[in-house]
Amino acid sequence: MSKDMKLKHFTLTFLTFCLAIVTGQNAAQAASLTTIASNLNNARGITFGSDGSLFVAETGLGGNGNCQGSPSTGGQPICAGNTSSVTKIAPDGRQSRIFNGFESLALQPSQQQGAGIQDLKFDSKGSAYLLAGWAGNPGNRDAELNAIATNVKFPPLQSIVAPLLPADKVLNTPSLAKLYKADLKTQTLTPIFDFGKYELLNNPDKGDVVSNPYALAIKDDTAYIADGGGNTIYGVKLDGSDVKAIPVPTQTINNPEYPPISPNLPPGVVPDGGAPAQLELQSVPTGITLGPDGDIYFSEYTGFPYPEGAARVFRIGDDGVPEVVADGFSNVTDLTFDKDGNLLVLQFSDQAEWKGKDLTKLPGSLIQLAPDGTRTTLVAAGEGLESSTGVTIGPDNKIYITKRGVGTLGEVVRVDSTAVPEPTTVLTTLTAAAFGGTSLLKRKRSKKLAQAETV
């Protein structure tokens, strides 16, 4: 990223495709959405338990505690409280909160964005694991990390992107930026790994020292975590051992579009002298899932200014190296595979988020990529998936999504759809203008895709 722009803007305010040659038929979808749960507070990851209950992570509403400027919110301060939780929706529709009162950060007084409980997943034995985010300089989290941070050599723009607070201003939120084993019956948490401390001591991507663990997947005895603040994918054994930190590659964008200069923009958001001809863009990894081929797949939101069509989907194979398998998406927040091996990609917004007047109502969408490369828009922008943040497949093989993932009016909806084939002609370039970009299927899977494993 250029010296004038290193914002690791992991906001949750976090696949469109262009196939080089297209023949045959594309499938359009007539979709309807059924509301399953409502009144969720900054809803994030979503998953089903073995008993059919649905669990939704809520980062919460923050509170009146100490505050820090966050790259997740363009430098605006997010303030601490104890308002994060997990909402459980029983098979009969009853909605209740567990782990209520967990630490939380959010903007005040809007109670939007921020960090808290980000995700909850189950291993193959049915044990639950909980991921807590952070969204800032780890040295501001608590007294222990603040003391460590005084001996850390921060990069030049750290004071603009995520400055270190003095010791008496730390947020006193030691539970954030960690992975836990979760006992759902007793609602107790056992710490497994501290991402904030690891980022502070190691800074795997060698960029700004920021951490925001966002999403979790489990394969066998290992948890895989997408850290959108650290631009890193972690592999951690479920006993906390054998930690692997994989930095996600940046990409260079030509002629990026920036918001108009305004007094409301924080310093450094628009580079001195105007938009550069090229920008090295940080990744901001978001959703992460286990593919039916046994590999780990993850998506990215991309950093500020969130160029449309610049988000990618990666695969991590046995060699541990991230490989782009699809690109051309915008502001992806989650992804998963269905039982037929189709990749489902959820876009928080089809346009750069700064173009929207209301962060809670940006035009999100859901896109399916079949194993043979066929792309289908299941729910298009403007059809009800505003500002969506999480996607999963239910026991009924239906798609479930968290929408309005910013603020207090979050919902879970079920997607009910019927495919309608649309004839197409051979094109050398097929541009999906509605999604602000193009895409290319980078890699054909060499392995036969079996039924996706639930993670």
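The values are calculated or read from the model by the stated rules, or taken from the named source; none is laboratory data. From a predicted model like this one, the values you see are computed outputs, not experimental measurements. Neighbour counts are summed over all protein chains in view; Cβ atoms, including those assigned to glycine, are modelled from backbone coordinates with ideal geometry. Accessible surface is based on the protein model in full, side chains and every heavy atom, while ligands, DNA and RNA are left aside. Shrake-Rupley method; radii C 1.70, N 1.55, O 1.52, S 1.80 Å.
If Gly93 satisfies every condition in (1) surrounded by 21 or more Cβ atoms within 10 Å (Cβ to Cβ); (2) on the phi > 0 side of the Ramachandran plot but one, which is the exception?
(1)
Go through segment 70-90 residue by residue and tally those that are open to solvent by less than 30 Å² (accessible area, probe 1.4 Å) and either within 27 Å of Ile36 (Cα to Cα) or under 20 Å from the mean Cα position of the chain (by Cα) (or both). Write out each step before concluding.
Filtering segment 70-90 for residues open to solvent by less than 30 Å² (accessible area, probe 1.4 Å) gives 70-74, 78-81, 84-87, 89-90.
Keeping just the survivors that are either within 27 Å of Ile36 (Cα to Cα) or under 20 Å from the mean Cα position of the chain (by Cα) (or both) gives 70-74, 78, 84-87, 89-90.
Here the count works out to 12.
With in a loop (DSSP other than H, G, I, E, B) and out of contact with any helix residue (DSSP H, G or I) (no Cβ under 7 Å at 6 or more places or on another chain) as the only criterion, which of Gly62, Gly45 stands out? It would help to see each step written out before you state the result.
Numbers: Gly45 fails: in a loop (DSSP other than H, G, I, E, B).
Checking each option against the conditions leaves just Gly62.
Hey, among Glu453, Glu353, which residue is out of contact with any Asp or Glu (no Cβ under 9 Å at 6 or more places or on another chain), open to solvent by 60 Å² or more (accessible area, probe 1.4 Å) and at pLDDT below 95?
Values: Glu353 fails: open to solvent by 60 Å² or more (accessible area, probe 1.4 Å).
Of the residues listed, the single one that is out of contact with any Asp or Glu (no Cβ under 9 Å at 6 or more places or on another chain), open to solvent by 60 Å² or more (accessible area, probe 1.4 Å) and at pLDDT below 95 is Glu453.
It is to be established whether one or more residues within segment 352-359 are part of a loop (DSSP other than H, G, I, E, B), touching a strand residue (DSSP E or B) at 6+ places or on another chain (Cβ under 7 Å) and not aliphatic (A, V, I, L, M). Steps first, answer last, please.
Going residue by residue through segment 352-359, those that are part of a loop (DSSP other than H, G, I, E, B) are 352, 356-358.
Those left that are additionally touching a strand residue (DSSP E or B) at 6+ places or on another chain (Cβ under 7 Å): none.
Within segment 352-359 (the criterion being part of a loop (DSSP other than H, G, I, E, B), touching a strand residue (DSSP E or B) at 6+ places or on another chain (Cβ under 7 Å) and not aliphatic (A, V, I, L, M)), the answer is no, since none of the residues qualifies.
For segment 360-400: of the residues being outside any loop (DSSP other than H, G, I, E, B) and more than 22 Å from Ala215 (Cβ to Cβ), which is most open to solvent (accessible area, probe 1.4 Å)?
Looking only at segment 360-400, we keep the residues that are outside any loop (DSSP other than H, G, I, E, B), and these are 360-361, 365-369, 375-379, 390-393, 399-400.
Still in the running and more than 22 Å from Ala215 (Cβ to Cβ): 361, 375-377.
Values: Lys361: 142, Arg375: 42, Thr376: 6, Thr377: 34 Å².
Step by step, filter segment 360-400, then rank; the result is Lys361.
Yes/no per residue for (1) modelled with pLDDT under 50; (2) more than 20 Å from Ala326 (Cβ to Cβ):
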site: Asn397; (1), (2): no, yes
site: Tyr400; (1), (2): no, yes
site: Arg404; (1), (2): no, yes
site: Gly407; (1), (2): no, yes
site: Gly410; (1), (2): no, yes
site: Pro421; (1), (2): yes, yes
site: Ala432; (1), (2): yes, no
site: Gly437; (1), (2): yes, no
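Residues that are modelled with pLDDT under 95 and surrounded by 15 or more Cβ atoms within 10 Å (Cβ to Cβ), at least 1 per element: which strands (runs of 3 or more DSSP E) completely within segment 176-284 meet that?
Values: elements: 178-183, 188-194, 213-219, 222-227, 232-237, 244-247, 251-254, 278-281.
Once the strands (runs of 3 or more DSSP E) in segment 176-284 are filtered for at least 1 residues that are modelled with pLDDT under 95 and surrounded by 15 or more Cβ atoms within 10 Å (Cβ to Cβ), what remains is 251-254, 278-281.
Find the residue count for segment 118-162, including only residues that are open to solvent by less than 20 Å² (accessible area, probe 1.4 Å) and hydrophobic (A, V, I, L, M, F, W, C).
11
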